[in-house]
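Every number here is computed from the coordinates shown, using simple stated rules; none is lab data. Being a predicted model, the structure only gives us computed values, none of them experimental. Positions of Cβ are backbone-derived with ideal geometry, glycine not excepted, and every protein chain shown enters the neighbour counts.
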Amino acid sequence: MPLYEHVFLARQDLSQAQVDALAAAATEIVENHEGKVTKTETWGLKNLAYKIKRNRKAHFVMLNIECPGDTIAELERQTQINEDVIRYMTIRVDEHEAGPSVMMRKNDRDNRRRRDREN
């Protein structure tokens, strides 16, 4: 079955619970259409390079998905309709990255540097 990475940006004024609900809704769409989400990562609230729909920040979420192509079409259709999602991108990949993604490793590295400077 094809593998995909689906990343979406949610509005900055949403709470973390609402962002988690968006990720759960995307997971439900995939699972209802014969696919499965193997990993969900919430990268947190980050600054954007430029304003998107009057937002300077956004909540970033990534899903690793195994599913047929028509499931991705339905997921993107539902994502497009949702007013809380300001951008999304789905990419077909040859294999999913094992362990945490680059963004999560970057956060860990930054946190370690801060702790080292404080000591």
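Some points to look at:
- Restricting the range 61-101 to residues that are part of a helix (DSSP H, G or I), of a type in the set (V, I, T) and in contact (Cβ under 8 Å) with a residue 24 or more places away in the chain, the residue that is farthest from S15 (Cα to Cα): T71
- Positions within the range 1-44 being in a loop (DSSP other than H, G, I, E, B) and touching a Gly at 6+ places or on another chain (Cβ under 9 Å), in sequence order: M1, P2
- Consider the range 1-41 and keep the residues that are of a type in the set (G, A, S) and either buried (at least 17 other Cβ atoms within 10 Å of the Cβ) or in contact with a strand residue (DSSP E or B) (Cβ under 6 Å, 6 or more places away or on another chain) (or both). The one that is farthest from N82 (Cα to Cα) is G35.
- Near pairs, Cβ below 8 angstrom, 6+ apart or cross-chain, from the range 35-60 (farther than 14 Å from R11 by Cα) to any residue that is crowded, with 16+ Cβ neighbours inside 10 Å and among the polar types (S, T, N, Q): G35/T71; V37/T27; V37/N64; T38/N64; K39/N64; T40/T27; T40/N64; E41/S101
- Every residue from the range 45-55 that is exposed (fewer than 11 other Cβ atoms within 10 Å of the Cβ) and assigned to a strand (DSSP E or B): N47, A49, Y50, K51
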